[in-house]
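So the structure is just underneath, and the comments pick up after that.
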Amino acid sequence: MSDYVIPEPEPKEIDETKSIELRHLADNAVLKGMPAGEEQCENCRYYLENTAEISYCWHPKLRILVGAQWWCQWWEGIPEGGAS
Ligand code: SF4
């Protein structure tokens with residue numbers, strides 16, 4: 001029998017670095033975790049899979065995962081005839 005105790009998981013330095021980077025991205029985009037009226041990621045041209053609850057945003061200033069109900073200042077409607 002070993003007395004070894006598995007340590008509790010805790011965030012590492014890289015997690016704090018990524019957290020700060022993503023926070024800056026979100027602040028620059030005025031990213032909100034809720035829709036702005038009718039505008040939300042789900043009906044934005046940059047939301048890659050508009051049937052998914054979480055999807056990749058391919059806006060060149062973001063390129064992160066976002067939620068269908070989120071919104072940011074770079075929202076653009078889906079052009080006639082489909083995405084982009
Ligand atoms: S550009 Fe903004 S509104 Fe559009 S999918 Fe990305 S985060 Fe959402």
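The values are calculated or read from the model by the stated rules, or taken from the named source; none is laboratory data. Please read all numbers here as calculations on a predicted model, not as lab measurements. Note that we place each Cβ from the backbone using ideal geometry, even for glycine, and neighbour counts take in every protein chain shown.
Quick notes on this structure:
- Filtered by the rule that a residue be aromatic (Phe, Trp, Tyr) and either in contact with a Phe, Trp or Tyr (Cβ under 6 Å, 6 or more places away or on another chain) or on the phi > 0 side of the Ramachandran plot (or both), the range 28-63 gives TYR46, TRP58.
- Qualifying residues in the range 65-84 (those that are of a type in the set (Gly, Ala, Ser) and either modelled with pLDDT of 95 or more or assigned to a strand (DSSP E or B) (or both)) - the one surrounded by the fewest Cβ atoms within 10 Å (Cβ to Cβ): GLY77
- Count of the range 1-24 residues which are aliphatic (A, V, I, L, M) and either at pLDDT 95 or above or in contact with a Gly (Cβ under 9 Å, 6 or more places away or on another chain) (or both): 3
- For the range 30-45, the candidate set comprises residues that are small (Gly, Ala, Ser) and either modelled with pLDDT under 95 or exposed (fewer than 12 other Cβ atoms within 10 Å of the Cβ) (or both); within that set, the residue that is nearest to CYS72 (Cα to Cα) is GLY33.
- Candidates in the range 51-64 are the residues that are near the ligand (Cβ under 10 Å from one of its atoms) and not in a loop (DSSP other than H, G, I, E, B); of these, the one that is nearest to LYS18 (Cα to Cα) is ILE64.
- Residue check, LEU48 within 11 Å of the ligand (Cβ to nearest atom), surrounded by 11 or more Cβ atoms within 10 Å (Cβ to Cβ) and of a type outside the set (Lys, Arg): yes
- Qualifying residue in the range 47-58 (condition: in contact with a Gly (Cβ under 6 Å, 6 or more places away or on another chain) and aliphatic (A, V, I, L, M)): yes
- The range 4-31, subset in a helix (DSSP H, G or I), of a type in the set (A, V, I, L, M) and under 12 Å from the mean Cα position of the chain (by Cα), residue farthest from the ligand (Cβ to nearest atom): LEU22
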